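Let me begin by presenting the structure, written as structure tokens, before commenting on it.
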Amino acid sequence: MIGSLVADYLTDAIQDAASDTSGSLAEYIPELANARPQNLAAAFAMADGTVHGAGDVDVPFTIQSISKPFVYALALAERGFDEVLRKVGVEPSGEAFNQISLEVGTGRPFNPMINAGALATHALIGPSGGDAHERAQRVVDGLSAFAGRRLVVDESVCSSEMETAHRNLAIAHMLRSYGILEEDPRAVVDGYIRQCSVLVTTRDLAMMAATLANHGRHPLTSEQIVDESVVRQVLSVMATCGMYDAAGDWVTQVGIPAKSGVAGGLIGALPGQVGIATFSPRLDRHGNSVRGVNLFHRFSSDMGLHLMSVPPASRAVVRSHRIVGDGADVIRVLQLQGGIRFAGAERIVREVADASPGEHTVALDLTLVSSIDDVAQRMLVELARRLTIDGCRVILIDPESVVSETHLADAGSIDVVPRLLLASADEDRLTARM
Ligand code: DON
């Protein structure tokens, strides 16, 4: 009962969303025109792999364009940023997903979320000049790693789309004529359509999104599928281009990096928090699921999920600031807490500087610090170094070793201890245990 709190919320949300029957199925792919329009599901996958779901979360459908960010991630990981960026840009096109267009000047597709960019990205998987079937299989394997289970292709959707793939063939031939594609255009379209025809469930998509939200590490398999710098690039492109010509509305109103597919899937990945997926096959004029878009609007506002709505980072980092002991043993103790990044570290430095400690000893207590990023570590170490130059003794209380050895090496002579041992209960005398 208690454990189903989030699932109950999702059940309410999809019940409310169900009354909207506007939009239409993706009829340009004959097999998709046979989809069951009433299907409706929503799932949240958390960083520890827990999935909260409601509705048809285990009904399979084809991934379609939701494959694009994941294949972009695989291409970046395999080929590196420079090579991928030479072939595909990162600018929002403001156009439909299947627009026949290239960036003026570079001749590159605008971004990897529109078909032109996705075709070029698909061709970057595996060795250049490699076999088209092996490339497509490699893509399916990569998507499976993101899902954490072996995914398969829906052969009937695949052959159905291939029969009517004139637009994608036109785009691929255009890319070939501009030298963006060096492979046979038909083979690339074939592989790209296989990529789009991979079967997933809403639960799978939530887990794939959670892998992006979890800095590239799958929440259940713990496999680091791509590294953090790749995930940052992918999420940035999803935020700006994932919803095609509705991207501006999306990023301002929903504010979650997202990607839609014409079979009705929609994912959102909120870094550090949650992977979200919805499924409902009727689409709006942009090719995005009508009910999916509505659900994301609701999730974002109900739960404050907009990327730009972040809690003040610095206010709470100094939990307490006390002077303990007396005489020669007096110590200024700053108890720090939570996640510390640049603004938090700046706050700590200022707190110490404003106090201009006359005491001989300053202790920074990191016991309650859950994370401290690279810049914050460097700033605290520099603070410690400067204090020691001023003749202060600095004690870093760091039981979980949140500050790395590498940074500590730059700190000069500071004492790192697991805890302060108080000599008496009223903290009037204390000694540091080394
Ligand atoms: O390229 C196509 O037409 C499809 N296989 C995928 C398009 C798609 O999902 C667009 N997204 N909403």
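Just a yes or no: is a residue in the stretch 71-83 surrounded by fewer than 18 Cβ atoms within 10 Å (Cβ to Cβ), over 27 Å from V274 (Cβ atoms) and small (G, A, S)?
Yes, there is a match, as at least one residue in the stretch 71-83 is surrounded by fewer than 18 Cβ atoms within 10 Å (Cβ to Cβ), over 27 Å from V274 (Cβ atoms) and small (G, A, S).
Report the residue count in the stretch 16-36 for those that are under 29 Å from the mean Cα position of the chain (by Cα), under 30 Å from A116 (Cβ atoms) and either modelled with pLDDT under 95 or more than 16 Å from the ligand (Cβ to nearest atom) (or both).
Going through the stretch 16-36 one residue at a time, the tally reaches 2.
Every residue, every condition in (1) within 16 Å of the ligand (Cβ to nearest atom); (2) aromatic (F, W, Y); (3) open to solvent by 40 Å² or more (accessible area, probe 1.4 Å), yes or no:
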position	(1), (2), (3)
E228	no, no, yes
T240	yes, no, yes
Y244	yes, yes, no
V254	yes, no, no
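Pick out, from the stretch 55-170, the helices (runs of 4 or more DSSP H) lying fully within it that include 1 or more residues that are more than 15 Å from the ligand (Cβ to nearest atom).
Output list reads 67-79, 81-87, 132-147.
From P281, P311, grab the single residue that is away from the ligand (no atom under 13 Å from the Cβ) and not hydroxyl-bearing (S, T, Y).
P311
Could you list all residues from the stretch 202-221 that are among the charged types (D, E, K, R) and under 11 Å from A47 (Cβ atoms)?
Scanning the stretch 202-221 gives a single hit, R217.
Considering each residue of the stretch 178-215, count those that are in contact (Cβ under 8 Å) with a residue 60 or more places away in the chain, under 13 Å from the mean Cα position of the chain (by Cα) and not in a helix (DSSP H, G or I), and give that number.
Total meeting the criteria: 1.
With respect to P60, is the statement that it is modelled with pLDDT under 95 and open to solvent by 20 Å² or more (accessible area, probe 1.4 Å) true?
For P60, the condition - modelled with pLDDT under 95 and open to solvent by 20 Å² or more (accessible area, probe 1.4 Å) - is not met.
The values are calculated or read from the model by the stated rules, or taken from the named source; none is laboratory data. Given the structure is predicted, the values throughout are model-derived calculations rather than measurements. Here the Cβ is made from the backbone with ideal geometry for all residues, glycine too, and neighbour counts use every protein chain on show. Protein only, heavy atoms only, side chains kept; ligands, DNA and RNA dropped before computing areas. Shrake-Rupley method; radii C 1.70, N 1.55, O 1.52, S 1.80 Å.
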